[in-house]
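Chemist: Below are the structure tokens for one structure; questions will follow.
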């Protein structure tokens, strides 16, 4: 009896400790994000105050208003930056996913000469730090005249993302049993139909997650974009953040406001795709 | 009408030949079972008929068409896979109707065909579920339903029951047989389970190392195995085989005991042979079937008994070879007890010791 009770108490205690630890860990992870959101609504005086003011007493939209105001009044071309980011990220993600699907499917389903060497080669490209490429890229892009263009940035991000999407999607197609496509072929599908009507929908969840990764990589990338974009025509939002720095001052409030605008689409996208991620995991077509 | 003809069908993977020129004619509505141990080429042969593997030589004809280079969709066949291969993102209804939808049939027609197939396999209450929500037996029935919905010329089954538990397997076996009665189509069925082969087949094709070892009705291959391979593969428990030498019309075993050469078999004097006797034909006297024309008797010490209810399997030894015998109307048997056994010579077999080939005249 007593042994039972003490075990039950211990189980409760452990659970409590578990939840507390999780709470603390999550707080530490989330705090910087919250701080940014909070700062975007506060005047610079309060942000810079020492000792820090934890509980805000003056929240307003001044930073946002200033950001959207014209140049010279502290404004930056937010809408243009946003569109640049969107065009570059969406296009490069779409291309990376298409190439990744073709490549991942080939690696998962076919045997060909040099398969593992090619695969390792793709992975090795990921080992090169992006910044190390910035100077060579800059020179090449400048020579062929695609510096400061959407096309140049899309090309860069496709190259960055393709090895990763191939690797991820290969893994997901491996989990789709070969028999599904064979059954579809026997049911009257061509090879192409079997892929699009059976294998693709089954692997959709995985492809979507590869898509999120690729999108977020392009959306958040700063190091290369800061070198390869020069003007409003192609600057992405992370690069746009630099507009808030001037020779002697840093406009923290404005920066935070732009950062919040950057975070929102990423959050929305993740939520949208998350539904797919869960819906896609209803396996059970084969005995496993 | 759909006969299936294989003419010298060969399959090679690079240099490695895994199916060596198979000839086989399968009649309309016939239920043919390919059986053999793993790696014997039975699944590969089935997949070549399906069009999932291309053939390296020979011809495959379905009906009067040569289908060698036709893709699976042009062969009018359907197939049930070992792991079912149901489309996990579709409901049972969509799974069943998928082939008709691909064929561009209109909605009403698809619905009628799906309802009919669902009724045959008692799937009607499950039509709106996803495969993930079904039990193994139900998934198996959906896989069969997907196959029958299109009224194909030929049904192919690739070890469809091997993922089910023993009880369900017996049940589905009966359902498959009933299904064949109902829909009257040519069926080619692959299994490594000789019980499935015996119970389902109109004709058994026993394969070994990429060739056909023997084919015939279940009773023919059981009664007249052409080799020790077939003799030990078909029938449970497997046929007892005892090494011996022929001397003066007797087969003498290494421990000195001997049995007469069975009727209808002939062997040269001094030839090394294997003597084959099934458990059903070696029974303890007093617990046996009434004797037939040619009988022999010998003593054997029982080392182990396996009671099965209506009969008991007795384990003993003749010349260092483990023998399984069958006891009818069983009584308890203690290990170590020596009993006298009767052997029905008319049902015994003799094989050449070297080649394993039957010495039947």
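The values are calculated or read from the model by the stated rules, or taken from the named source; none is laboratory data. Source: prediction; values computed, not measured. Glycine gets a Cβ as well: all are built from the backbone with ideal geometry, and neighbour counts include every protein chain shown.
Chemist: Here are the criteria: (1) closer than 27 Å to residue B:44 by Cα; (2) surrounded by 15 or more Cβ atoms within 10 Å (Cβ to Cβ); (3) more than 9 Å from chain A (Cβ to nearest Cβ). Tell me which single one residue B:174 does not satisfy.
Modeler: (2)
Chemist: Sticking with this structure for a sec: In segment B:75-94, how many are more than 8 Å from every other protein chain (Cβ to nearest Cβ) and out of contact with any strand residue (DSSP E or B) (no Cβ under 9 Å at 6 or more places or on another chain)?
Modeler: Result for segment B:75-94: 5.
Chemist: Give B:292, B:297 a once-over and let me know the one that is touching a strand residue (DSSP E or B) at 6+ places or on another chain (Cβ under 6 Å) and at pLDDT below 90.
Modeler: After applying the criteria, what remains is B:292.
Chemist: Scan (1) exposed (fewer than 15 other Cβ atoms within 10 Å of the Cβ); (2) under 28 Å from residue B:26 (Cα atoms); (3) within 14 Å of chain A (Cβ to nearest Cβ) for the single condition residue B:184 breaks and write down its number.
Modeler: Residue B:184 satisfies all of (1) exposed (fewer than 15 other Cβ atoms within 10 Å of the Cβ); (2) under 28 Å from residue B:26 (Cα atoms); (3) within 14 Å of chain A (Cβ to nearest Cβ) except (3).
Chemist: Has segment B:258-266 got at least one residue that is touching a helix residue (DSSP H, G or I) at 6+ places or on another chain (Cβ under 7 Å), surrounded by fewer than 19 Cβ atoms within 10 Å (Cβ to Cβ) and not in a helix (DSSP H, G or I)?
Modeler: yes
Chemist: Hey, can you tell me all the residues within segment B:37-67 that are under 30 Å from residue B:133 (Cβ atoms) and facing another protein chain (nearest Cβ under 9 Å)?
Modeler: Answer for segment B:37-67, where residues must be under 30 Å from residue B:133 (Cβ atoms) and facing another protein chain (nearest Cβ under 9 Å): B:47, B:50, B:52.
Chemist: Also, quick follow-up: Of the residues A:38, A:86, which single one is surrounded by 10 or more Cβ atoms within 10 Å (Cβ to Cβ) and not assigned by TED's automatic domain parsing to the domain that holds residue A:257?
Modeler: Checking each option against the conditions leaves just A:38.
Chemist: To continue, here is another question. Can you spot a residue in segment B:125-138 that is in contact (Cβ under 8 Å) with a residue 40 or more places away in the chain, assigned to a loop (DSSP other than H, G, I, E, B) and crowded, with 21+ Cβ neighbours inside 10 Å?
Modeler: The answer is no, given that none of the residues of segment B:125-138 is in contact (Cβ under 8 Å) with a residue 40 or more places away in the chain, assigned to a loop (DSSP other than H, G, I, E, B) and crowded, with 21+ Cβ neighbours inside 10 Å.
Chemist: Among the helices (runs of 4 or more DSSP H) lying completely within segment A:118-235, list those that include at least 3 residues that are more than 14 Å from chain B (Cβ to nearest Cβ), surrounded by fewer than 17 Cβ atoms within 10 Å (Cβ to Cβ) and more than 16 Å from the chain's Cα centre (by Cα).
Modeler: In segment A:118-235, A:134-144, A:150-175 are the helices (runs of 4 or more DSSP H) which contain 3 or more residues that are more than 14 Å from chain B (Cβ to nearest Cβ), surrounded by fewer than 17 Cβ atoms within 10 Å (Cβ to Cβ) and more than 16 Å from the chain's Cα centre (by Cα).
Chemist: Yes or no: segment A:271-282 includes at least one residue that is modelled with pLDDT under 85, away from chain B (no Cβ under 14 Å) and part of a loop (DSSP other than H, G, I, E, B).
Modeler: Taking every residue of segment A:271-282 in turn, none turns out to be modelled with pLDDT under 85, away from chain B (no Cβ under 14 Å) and part of a loop (DSSP other than H, G, I, E, B).
Chemist: Kindly evaluate residue B:70 against the criterion of being touching a residue at least 24 places away in the same chain (Cβ under 8 Å) and away from every other protein chain (no Cβ under 11 Å).
Modeler: no
Chemist: Another one. Just to verify a result, which residue in segment B:15-43, among those that are over 16 Å from residue B:154 (Cα atoms) and within 16 Å of the chain's Cα centre (by Cα), is surrounded by the fewest Cβ atoms within 10 Å (Cβ to Cβ)?
Modeler: Per the criteria, the residue is B:38.
Chemist: Quick one: residue B:241 ticks every box in (1) part of a strand (DSSP E or B); (2) more than 25 Å from the chain's Cα centre (by Cα) except a single one, so which number is it?
Modeler: (2) is the only condition that residue B:241 fails.
Table: residues versus (1) farther than 15 Å from residue A:254 by Cα; (2) at pLDDT 80 or above; (3) assigned to a loop (DSSP other than H, G, I, E, B).
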{"residue": "A:29", "(1), (2), (3)": "yes, yes, no"}
{"residue": "A:41", "(1), (2), (3)": "no, yes, yes"}
{"residue": "A:50", "(1), (2), (3)": "yes, yes, yes"}
{"residue": "A:56", "(1), (2), (3)": "yes, no, yes"}
{"residue": "A:59", "(1), (2), (3)": "no, yes, yes"}
{"residue": "A:67", "(1), (2), (3)": "no, yes, no"}
